[in-house]
Each structure stands twice: as structure tokens, then as C-alpha cells.
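Asker: Mind looking over this structure? Questions follow.
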Amino acid sequence: MASRAKQDLTTGPIGPTLLKFAIPTLATSVLQSLNGSINAVWVGRFLGEEALAAASNANLILFLTMSFVFGFGMAGTILVGQAWGRKDVDGVRRVIGSVIGGFLAVAILMAALGWLFAPQILDLMGVAAGAREFALTYLRIIFLAIPSGMVLMVFMMALRGTGDAMTPMWVMGISAAVDCTLNPLLILGVGPFPEMGIAGAATATLVTNIAGLIGTLIYVYARDLPVRLRGAELAYLKPDPALVKRIMGMGLPMGMQMIVMSLSSVTMLGLVNRQGVETTAAYGVALQLWTYVAMPAMALSGAVSAMAAQNIGAGKWDRISAITRHGVLFNLVGTGTLVALLAIADRPALALFLGGDSPALPIAQHIQLIATWSYIIAGVTMVLFGTVRANGAVWVPLIILTTTMIPIRIGFAVAGQGWLGADAIWAAFPASSAVSMMLALAYYRWGKWRKPRPGLARPTPDRAIEEANAALDPDGKMTPTG
């Protein structure tokens, strides 16, 4: 197992420790987004704007369907972090087993239902007629990638809970290289590969997910990492009712947060679709670039949550406020820098996807000008929520996001079109983000999220004695057995 000193987020200076953990997490997000962007370039350049618009619609639907499982993965990460902070490796493995065993069947069911009802889903979204055939083909294959993608996601999030941000980074790097290589080969039918068009782009993702999961399992077991299950521990795949209850209690509202954001995104895309294929393509490219702009805040939110969870598990509450302050500061610097760079170089960045002569290019530039800076203030909200959810406070963030992402954002976008036209859609992003940040600050400052959460896993007296004895042994509890 990797040295605990490299994975312990409860000691050392807070700023450097947070950055040391956040930077690989950020690199993982960069690689994931770069993978999506490169694949969007392949689709846009080889198959045209209608195929690009179709892929944008399908990817948002995939995000919506994965959100349910993602919330439980986040809950598992928090419980893993708290157990790891208590030096409870067995607790880490119990959580992982219950998450995988409890929700793999759900992911398989979601994939099957998604395949069957893909046409109805696209109809609800109002996908343009020219993009619908592309979207249906792409979406059905993407749904098949959900089960393997879910299990891989659980392992990556659990590793971060133990303070290991490097393994997920390497997994994502290799997966991105495979996916980006397979995409043009399967789209165009190069060499022995069949010409599959947009189905090739989706198939590349499916193959990459399966290969990534197999490779990760081989690596985890070869290195005997703390997230592996072996021997009698395989029984942990039979969900522990008490653990499932805790995971459900935290994961349901966190999954609902993701669903709220996804529903907001899908609804906003429906509004954009009514503006025509060129505007939809422009918006799809803007979403690609916004993914990069949001990455520092996303990485910092995850790092803050994992670091806070470990410190809460270790009882080091005196470090929590400093962790949050550093996370907010790093977000302002990182996200602010990316927003400034994109404002300067938006045309060449957008032209990578659309080409310099595309009629969608000036539309995309206009969208960027109005909406991109909202990610600076949205990042503050993400960091604050990362801290409070580390102690299991998940319902108030859900209420805040539901309020700001649906009635405020969508309401502004719809009601404002009478006097702002399509610009009301883009202006809705900074308007809703500002309200969300103010409410998040109020809850962080005056809310009761710091109180003990009896639903979270805590060591029994017998386990506390065991761990105290283990701490006296140089090998101790941190040496895996089985």
C-alpha cells in the first residue's frame, strides 16, 4: 500500500496539502474534459454541426442519468474519508462493498431503460429534426456504457476519499488516450475498423469504460490498495443495511443535487434548441469550454470535501475553516485566471470546434462574453458546499441549488426573453449563480451544519480500543490483510 503519509490529509500545512491533493484532481478533470473536447472536434469536423448538436444533447442526458448514482458515490467518498481519517481500513472496504453491491443493479436497469426510451427522451428535449437521428444512435450506445462507468467512478471516488488523487489521474490519462484514438478510427473506418459514423464515437466511450474498469481492478489488486476486496471481504458486496441507510440518507439528496443541475441544463438546452441548429452548436461548444473553466472549482470542491471529511473523522475541527478559506482563495485565483484567458482568446478556442468560417462562431463568442464569468462566483458556492457535505449536511445545499437552478435560472431565461431576447438565456447564468453564492455563504456562516451527524459511521468502543492498540504497532491497522 502507498505510504499513509502521502494520503493523510489531517496533518501538515493546510494550503500546500490542499493544493497537493487538488492538483492531481484538477489534472484528472482536465484529461476528462480534454477527452470530451477532442471527441467533439472529431464529431464536429467529420460529421458536421448537426452531429455535434446531437452529441451535446445526448451527453447532457447521460449526465442526468448518471447523477442518481453519482450522489451515492459522493456519499461513499465522504464515509470513506471519515473512516480513513479514523485509520479504519475495514470501514473503508465495507463502504465500497455496499456502494458497488447496492447500486450496480440500479445502473444496469438505468442502461436498459435508457436504451428502450431514448426516442421519447429526445422528443421531450425538443431535439431538432436534423440532429435527432444522430442523437438517437449516439444516446443508445452511450447508455450501455453506464454500468462499467459507474463502477469505475466508485473506485475513483473511493481512492480520493483515502487521499489518493494520483491513481485516478493516471487512469483517466490512459482512458482519455484510448478514447481519443478510437474515436476517429471508428467514425471514419480506418484500417481494420468499421466505418460507424457517430455510433463510432459512442462505441469508443463504451470500449474505453470497460477497458478502464478492467485495468483499474488489475492495478488496485496488484498494489493491494485500501479499496480492494479480497477473501472474506467479498461478502461486503452484500449491502450492509445500516451502511446502505447512511449512504442513502446522504446520497439521495446529493444525487438529487446533480439531477437538479442536469434538469436545469437540459431545460436550458431545450430553450437553446428553439433558437436553431447554429445556436445549439454554438452553445454546445460554449459548454465544452465552460467545462474547463469550471474545473478548478470542481477539483477544489472535491479536495476540500475529502480533506474536511478526513479531518472530521480525526476530530480536527480546528482545521475546517482554514481548509474552506484556502479553497475559496484558490478558486478565485484559478477560475478567475481561466475566465480572463478565455475572454482574450475566445475566437481561436471556439474555432477549434466550429472552424473559422462557421456562422455559429460569432454566436458562441457572444454567449461566452455574457455567461462565462459566472463560473467565478459559482466556484465559491461549490467550495462551500464541499465543506458542509463533508459532515453530512446535504439537504440545505439541495434546497439552495433547486431554488437557484430552476425557478431563478430558468424563470429568468424564459421571462427575460420578452425584453432581452435570446440574451436572457445567457444572462440567467450569472444571475442565478450570484443568488446561489449569497445563500451558500449565509448557510456556511450561520447554519447548523457543524453539529454531529449521528447517521455517519463512527467507531464502536471495541473498534476504538482496537485502533488504539494498532497505533502502537509500527505495522498497525494500516497493513492490509486477507
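Asker: If a residue has to be assigned to a helix (DSSP H, G or I) and either farther than 22 Å from residue 294 by Cα or open to solvent by 50 Å² or more (accessible area, probe 1.4 Å) (or both) to count, how many in segment 342-362 make the cut?
Answerer: Within segment 342-362, residues that are assigned to a helix (DSSP H, G or I) and either farther than 22 Å from residue 294 by Cα or open to solvent by 50 Å² or more (accessible area, probe 1.4 Å) (or both) number 6.
Asker: Further question on the same structure: Condition first: closer than 18 Å to residue 263 by Cβ and touching a helix residue (DSSP H, G or I) at 6+ places or on another chain (Cβ under 6 Å). Now tell me which residues in segment 407-430 satisfy that.
Answerer: 408, 409, 410, 412, 413, 425, 428, 429
Asker: Hey, does segment 309-330 have a residue that's at pLDDT 85 or above, within 30 Å of residue 86 (Cα to Cα), aliphatic (A, V, I, L, M) and surrounded by fewer than 17 Cβ atoms within 10 Å (Cβ to Cβ)?
Answerer: The answer is yes; a qualifying residue exists.
Asker: When segment 185-207 is examined, which residues are found to be touching a residue at least 40 places away in the same chain (Cβ under 8 Å), open to solvent by less than 20 Å² (accessible area, probe 1.4 Å) and either out of contact with any Leu (no Cβ under 8 Å at 6 or more places or on another chain) or in a helix (DSSP H, G or I) (or both)?
Answerer: Residues satisfying the conditions are 187, 198, 199, 201, 202, 204.
Asker: Picking from 250, 256, which residue would you name as being open to solvent by 20 Å² or more (accessible area, probe 1.4 Å) and under 19 Å from the mean Cα position of the chain (by Cα)?
Answerer: Values: 250 fails: open to solvent by 20 Å² or more (accessible area, probe 1.4 Å).
Answer to the selection: 256.
Asker: Related question: Which members of segment 183-205 meet the condition of being modelled with pLDDT of 90 or more and more than 17 Å from residue 134 (Cβ to Cβ)?
Answerer: Passing the criteria: only 185.
Asker: I'd like the full set of residues that are among the polar types (S, T, N, Q) and either open to solvent by less than 30 Å² (accessible area, probe 1.4 Å) or modelled with pLDDT of 85 or more (or both), limited to segment 418-466.
Answerer: 432, 433, 436, listed by residue number.
Asker: While we're looking at this one, here's another question. So how many residues does segment 21-52 have that are more than 17 Å from residue 206 (Cα to Cα), hydrophobic (A, V, I, L, M, F, W, C) and open to solvent by less than 20 Å² (accessible area, probe 1.4 Å)?
Answerer: Residues in segment 21-52 being more than 17 Å from residue 206 (Cα to Cα), hydrophobic (A, V, I, L, M, F, W, C) and open to solvent by less than 20 Å² (accessible area, probe 1.4 Å): 4 in total.
Asker: A further question follows. Do we have residue 45 as closer than 30 Å to residue 361 by Cβ, out of contact with any Cys (no Cβ under 8 Å at 6 or more places or on another chain) and of a type in the set (Lys, Arg) here?
Answerer: Yes: the conditions hold for residue 45.
Asker: What is the residue count in segment 328-353 for residues that are over 22 Å from residue 40 (Cβ atoms) and small (Gly, Ala, Ser)?
Answerer: Residues that pass the stated criteria total 3.
Asker: Report yes if some residue within segment 276-283 is closer than 30 Å to residue 218 by Cα and in contact (Cβ under 8 Å) with a residue 40 or more places away in the chain; otherwise report no.
Answerer: So in segment 276-283, the residues closer than 30 Å to residue 218 by Cα come out as none.
Checked segment 276-283: no residue is closer than 30 Å to residue 218 by Cα and in contact (Cβ under 8 Å) with a residue 40 or more places away in the chain.
Asker: Could you please find all residues in segment 238-270 being farther than 30 Å from residue 288 by Cβ and of a type in the set (Val, Ile, Thr)?
Answerer: Of all residues in segment 238-270, those farther than 30 Å from residue 288 by Cβ come to 238-250, 252.
Within segment 238-270, 244, 247 qualify.
Asker: Ok, one more. State the number of residues belonging to segment 397-407 that are open to solvent by 50 Å² or more (accessible area, probe 1.4 Å) and without any contact (Cβ under 8 Å) to a residue 60 or more places away in the chain.
Answerer: Matching residues across segment 397-407 total 3.
Asker: Does residue 384 satisfy being out of contact with any Pro (no Cβ under 6 Å at 6 or more places or on another chain), assigned to a helix (DSSP H, G or I), open to solvent by 50 Å² or more (accessible area, probe 1.4 Å) and modelled with pLDDT of 95 or more?
Answerer: Numbers: out of contact with any Pro (no Cβ under 6 Å at 6 or more places or on another chain): yes; assigned to a helix (DSSP H, G or I): yes; open to solvent by 50 Å² or more (accessible area, probe 1.4 Å): no; modelled with pLDDT of 95 or more: yes.
In short, no.
Asker: In segment 208-247, how many residues are of a type in the set (Val, Ile, Thr), open to solvent by less than 40 Å² (accessible area, probe 1.4 Å) and in a helix (DSSP H, G or I)?
Answerer: Just the residues of segment 208-247 that are of a type in the set (Val, Ile, Thr), to begin with: 208, 210, 214, 216, 218, 220, 227, 244, 247.
Narrowing further to those that are open to solvent by less than 40 Å² (accessible area, probe 1.4 Å): 208, 216, 220, 227, 244, 247.
Add one more test, that the residue is in a helix (DSSP H, G or I), and what stays is 208, 216, 220, 244, 247.
Of the residues in that region, 5 qualify.
Asker: Return a yes/no flag: does segment 62-76 have any residue that is within 30 Å of residue 317 (Cβ to Cβ), open to solvent by 10 Å² or more (accessible area, probe 1.4 Å) and outside any helix (DSSP H, G or I). Quick ask: steps written out before the conclusion?
Answerer: At the first step, the residues of segment 62-76 found to be within 30 Å of residue 317 (Cβ to Cβ) are 70-76.
Restricting the remaining residues to those that are open to solvent by 10 Å² or more (accessible area, probe 1.4 Å) gives 70, 74.
Next, from what is left, pick out any that are outside any helix (DSSP H, G or I): none.
Checking segment 62-76: not a single residue is within 30 Å of residue 317 (Cβ to Cβ), open to solvent by 10 Å² or more (accessible area, probe 1.4 Å) and outside any helix (DSSP H, G or I).
Asker: Further question on the same structure: Report, by residue number, each residue of segment 77-87 that is touching a Pro at 6+ places or on another chain (Cβ under 8 Å) and open to solvent by less than 10 Å² (accessible area, probe 1.4 Å).
Answerer: 84
Asker: Let me ask another. Confirm whether residue 176 is of a type in the set (Gly, Ala, Ser), closer than 17 Å to residue 101 by Cβ and crowded, with 21+ Cβ neighbours inside 10 Å.
Answerer: On the way: of a type in the set (Gly, Ala, Ser): yes; closer than 17 Å to residue 101 by Cβ: no; crowded, with 21+ Cβ neighbours inside 10 Å: yes.
So residue 176 fails the test.
The values are calculated or read from the model by the stated rules, or taken from the named source; none is laboratory data. Just so we're clear, the structure is a prediction, and the values are computed from it rather than from any experiment. Neighbour counts are summed over all protein chains in view; Cβ atoms, including those assigned to glycine, are modelled from backbone coordinates with ideal geometry. The accessibility values were calculated without ligands, DNA or RNA, using every heavy atom of the protein model including side chains. Shrake-Rupley method; radii C 1.70, N 1.55, O 1.52, S 1.80 Å.
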